[in-house]
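The values are calculated or read from the model by the stated rules, or taken from the named source; none is laboratory data. All values reported here derive from a predicted model rather than from experimental measurement. So basically every Cβ, Gly included, is an ideal-geometry build from the backbone, and we count neighbours across all protein chains shown. These area figures cover heavy atoms from the full protein model, side chains too; ligands, DNA and RNA do not enter into them. Shrake-Rupley method; radii C 1.70, N 1.55, O 1.52, S 1.80 Å.
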Amino acid sequence: MTMKPTGTFGINRRTALTGLVASTLLTALPRRAFAQDVTLRWWSPQGAPAQVEAYQFQIAAFEALHPGIKVVFETTSDEGYAPQLAAAFSSGEVPDIVTHLPSFAVQSYYANGLIEPFDDVITAIGADDFYPGANEVFKAADGKYVGTGIGNSAANMLWLRKDLMAAAGIDKNPETWDELRAACTAMQKEGIYGAPLPYGQNSMTSLVFIGFIHQAGGQVFTPDLQVAIDNEGTRNALEMYKAMRELCPPGATNYSWGESLTAFVSGATATGLYTGRVLANVRDQNPGIADHITCVTYPRISTDVAPWTFNDFPSVFIPAQSKAKDAAKLFAAFLFDPEGYIKQLHAAPGHVLPVLQSISANPIYQDNDIIRKYGPEVDLMASAAAGGFNLGYESSAHKSNDKGGEVVGSNVIADLVQRVVLNGENVDTVLGETTAAIEAIMKG
């Protein structure tokens, strides 16, 4: 259900760029000046220097249009946002706008009455410009939207070193787990490990392993959200994860996103598992391998199983306790103004991908060294992400799961991996206890 903008949140459209990009989105940019000064707090876990520079550009442009509104950017962390937001919600001292959290977290917050409906902001941005179905993951059980995507993310792409593959006599990109393990084994030599899979007690291990379950034809929940993690797919995924451990660095027992990314970019591993941030990091930190990297969708147990790409649908949403919701909605819509939005995407090209069709086709977006150099890789990631899923949205047949964020945040799936793969505990016992733990979360 789409709500019409009401009250002071009107819509005035303008072209933000020159005639060169006249075909781009005419973004909704309300021009009303606020009668009194308002300060908005913007939280995001995406705080790399280039990204912050882009955010500051967007803030300055917005403040120039709205002299009565100031915006302050504050960073959280990928692993730490949950307790930070919990404390903010508890105290009532909430940020006014939050970006780059996964959609399943936003659904959980909305289900608990903590998030403002986002329908009018989507209308202001231009609902028809989003990729088809892009906002379905943000639709709540009441039919309202809890937020929208600030970008798409293909988080579990398999990154490959073509030079190492050639040296090892590998002439085919791996599509199956057997091919992946064989390739990693052949390339693991001279101090280089095969892969940087995470085995730590953290969300990356949970999220990557959920991908492994689906890549084995399994699922965590049935489409009607009954717990179904004890299945053949999960058991096969545990066997594969165990088989890969000897091909990962010793420190992988504590890996999260940063360590896994660095392992591949630095050349310590022959394959990687990450989003397109790999591209900018290789360019900046290890340009010697820049001509030798590519990516494919992550292998699965057999080609009879469809690829499953993890897209956390990095979001933008507004806490219900914000004391400046009108101003926050103005700023949320402004984040998609072409000039600033493209700068934000270019800050980590290939990492966060456009959610608006007009931006993908925009020649200014296309005019980027990484997007030009790695066009096929960026196109593949965009396609994979657009058809991607996560625990809040396991498949197109699944109901939206507003408990998905709580399941991931509990680390119960990471614990499953550690207990079976690292500690050698009985798989039947651990899967039974994992099922019970997830069922308790679903009932809580």
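Annotations for the structure displayed:
- Convex hull per residue volume in Å³, alpha carbons only, for region 241-360: 186
- Surface share of carbon and sulfur [accessible, 1.4 angstrom probe, percent] for region 207-304: 45
- Ignoring lysines fewer than eight residues from K403 along the same chain, the ones with Cα atoms less than 21 angstrom from its Cα are K139, K144, K443.
- Counted charge near T434, where neighbours are those whose Cβ lies closer than 10 Å (Asp, Glu -1; Lys, Arg +1): -3
- Carbon plus sulfur fraction of accessible area for region 360-444, probe 1.4 Å, in percent: 50
- Alpha-carbon Rg/Rh ratio, for the chain, with Rh computed the Kirkwood way: 0.97
- Based on Cα contacts under 8 Å between residues 6+ apart, region 40-93 shows a relative contact order of 51 percent.
- The stretch between N368 and Q56 holds 110.3 nm of extra length on full extension. This uses 0.36 nm per residue minus the Cα-Cα distance.
- Label-point separation, K242 to A436 (7 Å along Cα→Cβ), nm: 2.2
- Nearest 10 degrees, 0 to 90: helix 177-187 Cα axis against the chain principal axis: 80
- DSSP beta bridges in the chain [antiparallel fraction, %, rounded to 5]: 60
- Placing unit charges on the Cβ atoms only, positive for Lys and Arg and negative for Asp and Glu, gives the chain a dipole magnitude near 800 debye about its Cα centre.
- Listed by chain and number, the lysines whose alpha-carbon sits under 16 Å from that of K162, ignoring those within fewer than 8 places in the same chain, are K172, K189, K373.
- Rounded accessible area per residue of the chain, 1.4 Å, Å²: 38
- Electrostatic tally near A320: other residues with Cβ closer than 13 Å to its Cβ, Lys and Arg +1, Asp and Glu -1, net +2.
- Solvent-free Debye scattering, log10 I(q)/I(0), computed from the Cα coordinates of region 183-242 at q = 0.19, 0.21 Å⁻¹: -0.76, -0.86
- Database remark: amide H of S315 closer than 5 angstrom to the amide H of H100, L101, I150 (H placed geometrically; neighbours at sequence offset of 5 or more, or on other chains; Pro and chain starts carry no H).
- Computed over region 115-234, the P(r) curve from all C-alpha pair distances, binned at 5 Å from the origin, holds 2, 8, 13, 13, 14, 14, 12, 9, 7, 5, 2, 0 percent per bin.
- Aspartates and glutamates whose Cα lies under 12 Å from that of K323, excluding same-chain neighbours fewer than 8 positions away: E93, D96, E116
- Near N135, once Lys and Arg are set to +1 and Asp and Glu to -1 for all other residues with Cβ below 14 Å from its Cβ, the sum equals -3.
- Normalised by 2.2 N^0.38 Å, where N counts its residues, the alpha-carbon radius of gyration of region 64-186 equals 1.54.
- Here the ratio of the Cα radius of gyration of region 314-377 to 2.2 N^0.38 Å is 1.33.
- Each of N254 and A167 was given a label point 7 Å from its Cα along the Cα-to-Cβ line. The distance between the two points is 2.9 nm.
- Relative intensity, log₁₀ I(q)/I(0), of region 321-444 from a Debye sum that treats every alpha carbon as a point, q = 0.19, 0.21, 0.23 Å⁻¹: -1.03, -1.11, -1.20
- Database remark: amide H of V71 closer than 5 angstrom to the amide H of L40 (H placed geometrically; neighbours at sequence offset of 5 or more, or on other chains; Pro and chain starts carry no H).
- Most mobile of A61, A328, A140 in a GNM of the chain (Cα contacts under 10 Å): A61
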